[in-house]
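The values are calculated or read from the model by the stated rules, or taken from the named source; none is laboratory data. Keep in mind that this is a model prediction, so the values were computed, not measured. Positions of Cβ are generated from backbone atoms using ideal geometry, with glycine treated the same way; all protein chains shown enter the neighbour counts.
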Amino acid sequence: MEGDWTQELLSWLGAHPGWGALTIFLVAFLESLVLIGILLPGMFILFGIGALVGLGALELMPLWIAATLGAFCGDSLSYYFGHRFRGALLDVWPFSRYPGLMERGTFFFRRHGAKSVLTGRFIGPLRPVIPAVAGMMGMKPPRFLVVDSVACVLWAPAFLIPGILFGASLEVASEYTGRLTVMLIILLVLLWVTWWAIRAIYEPLASRSARWVRRFIHWSRRHPVLGRIAGPLIDPASPEALSVAVTGITLVLVFWALIMLLFLSPFSDQPQALDQAVRDLALSLRNHLADPVMVGLSQLSRWQVSVLPALGLLLWLLGAGRRKVAIHWVIAIGGGALLHLLLSWGLRTAPEVLQLENRLLASPSAAMSLSTVVLTFFAVMEAGELERRHRQWPYLAAALLLLLLGTARIYLGLEWLSGALMGVTAGLAWTAIVGIAYRQRATRHFSGGVASLIFYGMFAAMFAWQVNVHTESDLMALQEPPKTQQLSARAWWQEEWRQLPVDRTSLPAMASRKFNAQVAVEPTRLSGLLQAQGWEQVPDSDWRWLLQALNPEPDAVTLPLLGRAYEGQAENLLLKKTLVSGNRILTIRLWDSGYRLTPSGQTLYLGQLSEEVLRRRFWLFSYWRAVPLQESMIGPIRAALGPLEQKIVGEDLLLVREPR
């Protein structure tokens, strides 16, 4: 698969940085060749290479030069083909397979002239076409080379910088919580795959579906049984015959997927195993930084977020005199809710009817079903009012919103994967049913721009309202209860300290990842002793940290510390002490280990005593990076904890408890 070999390529580049310049030259060269660049996932590879630059594995300047040269060579070769063969190029394979793309490039060049060589390099579908079109249209070689050299110099950093920023942000994220790093990668990959899949599938279907559908129409009308059923629906005399037929085919496929899900869930172990695997993965990724964001995204499933914008759009449609459109809008929303209730009731009774009491059944998700109907049916209505080249955007918007909602609900444990998929599938099926009737009967057009402004404006307002009202309470309700174990206080002090975890994170890039303290003292008691010796308690940080990280001259006062996570949980105690230099500080962090000492019930904490240095990345932002604490620093810390009983065990592990 494409993702496999690109990932192997990026991993290999991280291990062999000397080959980075050659690799990016070849990628930029091939990605710039006429039409070949369409088939190569060059932007994805450039983004990944930029991420390696952000992580410090590769140098930026050699890659910039190599990418510029590769792009310039590819464009020059494409220009030569166009200049050499002129109009005959369109009749040669593979150019003859993409007439629409070549026509778009020709139209763009005629409209913008030499400027198209500069701007076209930054437009994905046109980038591998414009140089050849410039040659076909007779643009002088010196002029092309001058304009294209400027475009290539500007293009290389423009497509590397997003990856650089992403890589640098991963470095910061992994410094504070490795789970957040993995969560960011998974979410971005899902968003990118969804975006790429819809855009990649939509164009070929839009250009080829007419021929396929006409064949299906003629075959179905000749069929003795299917012709009587489908004849009125796909009458070729209707001006909407192709659209209705495409919708009907989609309906068949969607219902097939729904039936497969409904039957596989009760009678097969595979969906249950996959459900459990996804649930375990989500649980392993839970962390205190991502939880508020995911809880906020889950508010998209509140009925107010879907129903109230739908009601606002309904009132506008009635006021604009679009009665048939309004009727189908009401049918879509009401019928989708009724369909979900019927499916949920049917699956809840399945264990009694089929005697499967021990089976784990996931019913279709009400939240996903209703949200799917509202977002996708509005996309159907909006796409009908747009030009053909813009009709993919409503579907992209609906798909990305549903992906974010589904990911958030699965992450928080509100859905099983199969339940979320069945909810989406049921919603798509009902959208297809109502869409057939809508395409046949709602022939009067309306303003898609005004409808989008009303719907998405109210959608955003309702979402913000629900986030403000429910996030805090939902966050508390969805917190995972801590898992505790009992441990004898005497045994812990003597030998059982070896049972406790050694590393805060398994990421090898972290300079300071080991726990070097175990503390059986309440954080308030420890904080009081250390604050008397000049230590300060670090307040919780918020979104304003992003602005403070952009300070060109940061120090211990202007750039606050961020909390770090262990097993997805924030510290129970975070203290700091600024050293004389101002860009180095000492920190003490404590996390709940999950152990309770008997017989007192005292919580046992895992601690990190670290020195943190100020690090600046690409002259853009700064953050604190922990390094192992020097032995000379441990003495003053132990002196500040004088009233407490202490001892060093193992490899410089400090045990602290209240005196007996």
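Points worth noting:
- Subset of region 643-660 that is touching a residue at least 40 places away in the same chain (Cβ under 8 Å) and outside any strand (DSSP E or B) - its residue that is surrounded by the most Cβ atoms within 10 Å (Cβ to Cβ): Leu644
- Among residues of region 562-583 that are closer than 18 Å to Gln531 by Cβ, those with a beta-carbon under 9 Å from a residue that is crowded, with 19+ Cβ neighbours inside 10 Å and among the basic types (Lys, Arg) at least six positions away or on a different chain give the pairs Glu571/Arg564; Glu571/Arg589; Asn572/Arg589; Leu573/Arg589; Leu574/Arg564; Leu574/Arg589; Leu575/Arg589.
- Residue that is surrounded by the most Cβ atoms within 10 Å (Cβ to Cβ), among those in region 376-390 that are touching a residue at least 40 places away in the same chain (Cβ under 8 Å) and among the charged types (D, E, K, R): Glu382
- Residue within region 577-598 that is assigned by TED's automatic domain parsing to the domain that holds Asp503, over 26 Å from Gln494 (Cα atoms), hydrophobic (A, V, I, L, M, F, W, C) and modelled with pLDDT under 85 present: yes
- Checking each residue in region 394-420 for being farther than 30 Å from Gln479 by Cβ and either in contact (Cβ under 8 Å) with a residue 60 or more places away in the chain or buried (at least 17 other Cβ atoms within 10 Å of the Cβ) (or both) picks out Pro394, Tyr395, Leu396, Ala398, Ala399.
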